[in-house]
Structure formats: structure tokens, C-alpha cells
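J.: Structure below; questions to follow.
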Amino acid sequence: MRVRPELPLPAQAFTATVEAFNASIDRSMPLDPTVRDGRRAEVQPPKSNWASPLEKPPFYAYPVTCGITFTFGGLRGDIDGRVLRADGSPIPGLFACGEMFGGLFSGNYPGGSGLAAGAVFGRRAGRAA
């Protein structure tokens, strides 16, 4: 594998990472992008579906950053946004709303609902505070 000099990564480490990824793919499982196909790559963290080797150039690298869109959980609270202890009693002066407020979503996330949850529970928490 040839790494272009302008790629801001150590070429040897990058090449070793790609080669290790490619070697770890379970190629006995056919790739099926229409379902969770179980085609794994035994790397850390593991890739459990749709693992495809990086073998055919050209390759491109893009800088990325991570962000948490939603948590499917958060702090336990009441309808006024007061954060609750394990015994169910409110913690004085501690409020939560929006994505920090637990129990709103568990198995799926209706698109665009985070702002509504923040507005509704933010207003309730503000009034209670």
C-alpha cells in the first residue's frame, strides 16, 4: 500500500492498521448491505457488520470529530425536570432537560424531537427552578 506524503498520519502505522483490518475480516460471510450480515472485522472496536477490505485505490482520508446526538437515557427526572435520586426523591437545585433527561426515548428516536423535548422540559424545569 502506498501512502501519499501529504496524509498527516505516520505512513507505517497507517499501513499496519489497514492491513490488520483487512486481515481480520471474516470473508466466509458474503457481504450484504441490505441486512445486518454479520460480516465481522475482529479489530478494536470490533466491526460487526458490513466489513469490507480497503484494497482498491484510490483511498481518501477526511478529518472527522465525534459528537453525541442523543443518549437514549440520561438523568432520571420528574415532569418538572427535577433530577431524582435512586429512591425517587428530588435533588435540590438540580434540573435536566432535552437529551440529558432520561426516559424519553428507549428503542428508537423520532427525528427532530430533541429540540421539542428541550423546549418543553426546559421551560418546565425553568419554572420549577
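The values are calculated or read from the model by the stated rules, or taken from the named source; none is laboratory data. From a predicted model like this one, the values you see are computed outputs, not experimental measurements. Positions of Cβ are backbone-derived with ideal geometry, glycine not excepted, and every protein chain shown enters the neighbour counts.
J.: One residue is enough: does segment 61-78 have a residue meeting the conditions assigned to a strand (DSSP E or B) and out of contact with any Phe, Trp or Tyr (no Cβ under 9 Å at 6 or more places or on another chain)?
T.: no
J.: Condition (residue is touching a helix residue (DSSP H, G or I) at 6+ places or on another chain (Cβ under 7 Å), at pLDDT 90 or above, under 25 Å from ALA11 (Cα atoms) and in the same structural domain as LEU9 (by TED's automatic domain parsing)) applied to segment 47-54: is it met by at least one residue? Explain how you work it out, then say what you get.
T.: Of segment 47-54, the ones touching a helix residue (DSSP H, G or I) at 6+ places or on another chain (Cβ under 7 Å) are 53-54.
From what's left, at pLDDT 90 or above: 53-54.
Filter once more, keeping what is under 25 Å from ALA11 (Cα atoms): 53-54.
Pick out the ones that are also in the same structural domain as LEU9 (by TED's automatic domain parsing) and you get 53-54.
Yes, that holds for at least one residue.
J.: Of all the residues that make up segment 79-129, how many are under 18 Å from the mean Cα position of the chain (by Cα), in a helix (DSSP H, G or I) and not charged (D, E, K, R)?
T.: The number of residues fulfilling the criteria is 4.
J.: Next question, about the same structure. Failed condition for PHE70, given (1) outside the structural domain of ARG123 (by TED's automatic domain parsing); (2) closer than 30 Å to ARG124 by Cβ; (3) modelled with pLDDT of 85 or more; (4) not aliphatic (A, V, I, L, M), with all others met?
T.: (3)
J.: Using the structure shown, decide if SER52 is of a type in the set (Ser, Thr, Tyr) and in contact (Cβ under 8 Å) with a residue 24 or more places away in the chain.
T.: yes
J.: Next up: Output the qualifying pairs, or none if there are none: Cβ atoms under 8 angstrom, residues six or more apart or on different chains, first residue in segment 13-40 and farther than 13 Å from ALA51 by Cα, second residue of a type in the set (Val, Ile, Thr) and assigned to a loop (DSSP other than H, G, I, E, B).
T.: PHE14/VAL3; THR15/VAL3
J.: Separate question: I'd like the residue in segment 34-60 that is charged (D, E, K, R) and in a loop (DSSP other than H, G, I, E, B) and, out of all such residues, is surrounded by the most Cβ atoms within 10 Å (Cβ to Cβ). Spell out the reasoning first.
T.: First, pick out the residues of segment 34-60 that are charged (D, E, K, R): 36-37, 39-40, 42, 47, 55-56.
If we keep only those that are in a loop (DSSP other than H, G, I, E, B) as well, we get 36-37, 39-40, 42, 55-56.
On the way: ARG36: 9, ASP37: 15, ARG39: 20, ARG40: 16, GLU42: 14, GLU55: 9, LYS56: 7.
Ranking the candidates gives ARG39 first.
J.: List the number of the failed condition for LEU31; all other conditions in (1) assigned to a loop (DSSP other than H, G, I, E, B); (2) modelled with pLDDT under 90 hold.
T.: (2)
J.: Which of the residues belonging to segment 98-120 are in contact with a Phe, Trp or Tyr (Cβ under 6 Å, 6 or more places away or on another chain) and either within 13 Å of ARG76 (Cβ to Cβ) or modelled with pLDDT of 85 or more (or both)?
T.: The one that is in contact with a Phe, Trp or Tyr (Cβ under 6 Å, 6 or more places away or on another chain) and either within 13 Å of ARG76 (Cβ to Cβ) or modelled with pLDDT of 85 or more (or both): PHE101.
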